[in-house]
């Protein structure tokens, strides 16, 4: 299975552009006459670009808006505001046949391999379902052969096409989910914590498979996770989210070696280090307080209630993730700086 060659497709060019995307879930009161009394600001002004052939990692604590962002990009949720363009076409305004075509070019691998596969369908039916929705993707009479080819591509036995999901292990089920995502030969795959439900040894196998497929097929990934070590292994660039906003974005080296936002520095300090000597040579940042509610985020900088650098300006002026002369990469902090090693 090879990616379709095209002289117009250049690795590194912008494939997906996300501009100030917002998703607020209304909070209503009343039974018969519901009145909106607030909103959960799950995603609140997110912007980034995904380049052809790269992996953009998206990290942050649970509840920061990562999965909501994924659902917005897949059009499983409608945005409150903002714009996303895929190959120059507005993803949020597309409908009908145009939306079907755009969806064919962007697929998703779900978090839980146990609930994302229909237990009443065979593996062949699950992987072959995209061909039923997009019959033009598989010539008549070739569906079974394509499904067996996809099983082989992800490292599963093509002869197991008539088995059911419960007859496979967790790692094998996730491979089935990856095969389903590959069926229509997309250019972008959104991976929503695809290894968080798997054992560590199986995680490595799935990550290696994703990297192999990217090299062979020229795929671009949006890889969502909360495990910073996994994200570092697979990502070219990393975006750090906090309370619905991207607070820092940069290359893998910039984020992991020269992080400037206090929240990113705190996350990195909590990553387990197997070397006992290395553990003694670093200081751990312990954040105080709880994560504020996305229904009532703090004014100004949303991280200020837990930040050791916070000053008066942080409560009145919201910092934006823009590139400033003193910063090596965009960081949404008034006092962004590389933290000196302990």
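Numbers below:
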read-out: Residues of the range 250-269 that turn out to be in a strand (DSSP E or B) and either under 30 Å from residue 184 (Cα atoms) or at pLDDT 95 or above (or both), as a count; value: 1
read-out: Selection count where residues are surrounded by fewer than 14 Cβ atoms within 10 Å (Cβ to Cβ) and within 11 Å of residue 173 (Cβ to Cβ), scope the range 115-125; value: 2
read-out: Members of the range 299-320 found to be part of a loop (DSSP other than H, G, I, E, B), touching a helix residue (DSSP H, G or I) at 6+ places or on another chain (Cβ under 7 Å) and either crowded, with 17+ Cβ neighbours inside 10 Å or on the phi > 0 side of the Ramachandran plot (or both), listed by number; value: 300, 301, 303, 307, 310
read-out: Matching residues, the range 325-335, being crowded, with 16+ Cβ neighbours inside 10 Å and modelled with pLDDT under 85; value: 327, 328
read-out: Scan of the range 14-45 for residues that are over 16 Å from residue 296 (Cα atoms) and either modelled with pLDDT of 90 or more or surrounded by 12 or more Cβ atoms within 10 Å (Cβ to Cβ) (or both), ordered by number; value: 14, 15, 16, 17, 18, 19, 20, 21
read-out: Some residue of the range 274-291 being touching a strand residue (DSSP E or B) at 6+ places or on another chain (Cβ under 9 Å) and within 25 Å of residue 318 (Cβ to Cβ); value: yes
read-out: Qualifying residue in the range 208-227 (condition: surrounded by fewer than 18 Cβ atoms within 10 Å (Cβ to Cβ), closer than 26 Å to residue 336 by Cα and in contact with a helix residue (DSSP H, G or I) (Cβ under 7 Å, 6 or more places away or on another chain)); value: no
read-out: Exclusive hit being surrounded by 14 or more Cβ atoms within 10 Å (Cβ to Cβ), touching a helix residue (DSSP H, G or I) at 6+ places or on another chain (Cβ under 7 Å) and on the phi > 0 side of the Ramachandran plot, set 155, 128, 171; value: 155
read-out: The range 88-97 - residue that is exposed (fewer than 15 other Cβ atoms within 10 Å of the Cβ) and part of a loop (DSSP other than H, G, I, E, B) and, of those, farthest from the chain's Cα centre (by Cα); value: 95
read-out: Filtered residue count, the range 135-156, keeping only those that are more than 10 Å from residue 183 (Cα to Cα) and either free of Cβ contacts under 8 Å to residues at least 12 places away in the same chain or not in a helix (DSSP H, G or I) (or both); value: 11
read-out: Of residues in the range 103-114 being out of contact with any strand residue (DSSP E or B) (no Cβ under 7 Å at 6 or more places or on another chain) and surrounded by fewer than 20 Cβ atoms within 10 Å (Cβ to Cβ), the one farthest from residue 202 (Cα to Cα); value: 104
read-out: Condition met for residue 100 (touching a helix residue (DSSP H, G or I) at 6+ places or on another chain (Cβ under 9 Å), outside any helix (DSSP H, G or I), surrounded by fewer than 20 Cβ atoms within 10 Å (Cβ to Cβ) and free of Cβ contacts under 8 Å to residues at least 40 places away in the same chain); value: no
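The values are calculated or read from the model by the stated rules, or taken from the named source; none is laboratory data. Keep in mind that this is a model prediction, so the values were computed, not measured. A quick note on method: Cβ atoms are made from the backbone with ideal geometry, for glycine too, and the neighbour counts reach across all protein chains shown.
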